[in-house]
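Colleague: So that we are looking at the same thing, I have put the structure below in structure tokens.
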Amino acid sequence: MRDVALAAEVSTATVSRVLNEDAARGLGAVAKVSGATRERVLAAALRLDYKLNHVARSLKTRSTRTIAILAPELANDFFMALAEGIEQELGKAGYMLLLSSSSNSADEEKRRLGVLSQRLVDGIIVVPASRRGEHIQAIADGGTPVVLVDRLVEGAALDCVLADNEGGAYAATRALLADGFSRIAFLGGNPALSTAQERLAGFERALADAGLTGRDVRPGGMGIADGYRLMDELMAEAEPPEALFAVNLLVHLGMERRLLEEGRAALGRFAMASFDETPYSPFMTACRYSVAQPAADMGAAAARLLLERITLAGASAPAAVPRCLRLDTRLIRH
């Protein structure tokens with residue numbers, strides 16, 4: 001920095017102000033150095049190949065301008081859409097995003113949360129891997145702001161952003177009922193996850209409103225292999241249901257894969273609805289309806305909540321009451 005100051009004929013304090021303003025330009029920082037002086041400093045820094053040492057700077061400021069997202073898996077389109085929304089919102093505020101996966105394990109989630117908080121990330125957005133959240137609350141209580149997205153947990157009182165899971169499942173089931181189907185089965189789901197619980201509640205409410213007292217619920221997981229297995233079991237039945245509701249995209253993909261193995265004629269055996277709309281949903285020909293979640297909007301909302309928490313923590317302001325935002329879903333007919 002002294003070399004840059006000498007080359008630009010300014011003080012080291014001026015160099016520091018210019019470079020810090022430049023680093024914070026995405027935050028709408030007000031320039032404290034004149035334009036000509038600023039350009040001279042930046043030109044000298046460029047000529048001498050000088051760069052701020054962000055690691056050293058973070059030790060002083062206690063801020064790395066980095067946010068982490070911890071998701072159950074990274075090969076899931078929905079979680080990547082969430083991350084995209086988070087990153088776009090963070091970019092406006094001059095933050096970077098780190099991605100990490102818990103591999104659908106509560107133990108791994110706990111370990112990774114500990115590692116992330118020790119690496120001095122400014123905050124963490126968590127898609128919980130299990131029903132319990134005491135270990136997540138402990139991270140927040142330790143001073144690292146945390147926001148939950150997509151799923152709720154027991155044992156934690158934190159800001160959260162969710163989709164209207166019950167409303168989306170209700171709308172899709174009502175659409176199948178309106179098409180004349182009364183024997184409808186709900187496929188997939190993990191009872192430990194709030195998303196699966198809420199979607200099942202919407203399915204059951206739609207049946208009840210239609211005056212149907214029976215329920216055909218077949219839990220068994222949230223992955224492609226689970227959907228494949230459940231469909232395989234259905235196809236072996238003498239009188240399977242007429243219509244099917246898949247708890248999520250991955251279960252739906254497994255179901256469609258099993259149908260495709262039987263040939264094109266098998267695709268007309270069932271009418272399907274599924275949670276999660278994707279750009280390739282129209283190619284899954286057995287699916288009549290899909291429920292679109294505003295994943296990018298959910299990510300952006302979670303990022304804004306977290307940035308507000310970070311600001312409050314930096315100002316040593318009293319903690320605000322946790323807020324829970326629930327965004328609307330949209331039913332799409334294929």
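No lab work stands behind these numbers, since they all come straight from the coordinates. The structure presented is a predicted model; accordingly, all values stated were derived computationally and were not measured. A quick note on method: Cβ atoms are made from the backbone with ideal geometry, for glycine too, and the neighbour counts reach across all protein chains shown.
Colleague: Ranked highest first by average number of other Cβ atoms within 10 Å, how do 124-132, 253-261 line up?
Modeller: Highest-to-lowest ranking by the protection proxy: 124-132, 253-261.
Colleague: Give me the Kirkwood hydrodynamic radius of the chain, using the inverse of the mean 1/r over all pairs of distinct Cα atoms, in Å to one decimal.
Modeller: When all Cα pairs of the chain are included, the Kirkwood radius is 22.4 Å.
Colleague: So for the range 98-205, Kirkwood radius off the Cα pairs, Stokes-Einstein at 25 °C and 0.890 mPa s: how many µm² s⁻¹? Let's see the in-between values first.
Modeller: Values: Rh = 15.4 Å.
Translational diffusion coefficient: 159 µm²/s.
Colleague: Cα gyration tensor of the range 165-292, axes a ≥ b ≥ c as square roots of the eigenvalues: rounded (a/c below 1.5), prolate (a/b > b/c) or oblate? Don't jump to the answer; show the numbers that get you there.
Modeller: Numbers: a/c = 1.38, a/b = 1.23, b/c = 1.12.
In terms of gyration-tensor shape, rounded.
Colleague: Same structure again: Kindly work out what percent of the DSSP beta bridges joining two residues of the range 165-292 are antiparallel, to the nearest 5.
Modeller: On the way: 1 of 16 bridges.
Antiparallel bridges make up about 5 percent of those DSSP assigns within the range 165-292.
Colleague: Any idea what the dipole of the chain comes to, in debye rounded to 20, about its Cα centre with Lys/Arg Cβ at +1 and Asp/Glu Cβ at -1? Could the numbers behind the result be given before it?
Modeller: Working: 38 positive and 41 negative charges, 272 e Å.
That gives the chain a dipole magnitude of about 1300 debye.
Colleague: With runs of 4+ DSSP H residues as the only contributors, calculate the mean residue ellipticity of the chain at 222 nm using -39,500 (n - 2.57) per run, divided by the residue total and rounded to the nearest 500.
Modeller: -14500 deg cm²/dmol
Colleague: What does the net charge come to around Asp164 if you take all other residues with beta carbon closer than 15 Å to its beta carbon, with K and R at +1 and D and E at -1? Let's see the in-between values first.
Modeller: Working: positive: Arg151, Arg174, Arg199, Arg205, Arg326, Arg330; negative: Asp150, Glu166, Glu198, Asp276, Glu277, Asp297, Asp328.
With Lys, Arg at +1 and Asp, Glu at -1, the neighbours total -1.
Colleague: Right, another one. In the chain, with Lys and Arg counted as +1 and Asp and Glu as -1 at Cβ, which of these residues, Gly202, Ala43, Tyr280, has the Cα nearest the positive end of the dipole, that is, farthest along it?
Modeller: The residue sitting farthest along the positive end of the dipole is Ala43.
Colleague: Dipole of the chain (Lys/Arg Cβ +1, Asp/Glu Cβ -1, origin at the Cα centre): which of Pro191, Leu325, Ala8 lies farthest to the positive side?
Modeller: Value: Ala8.
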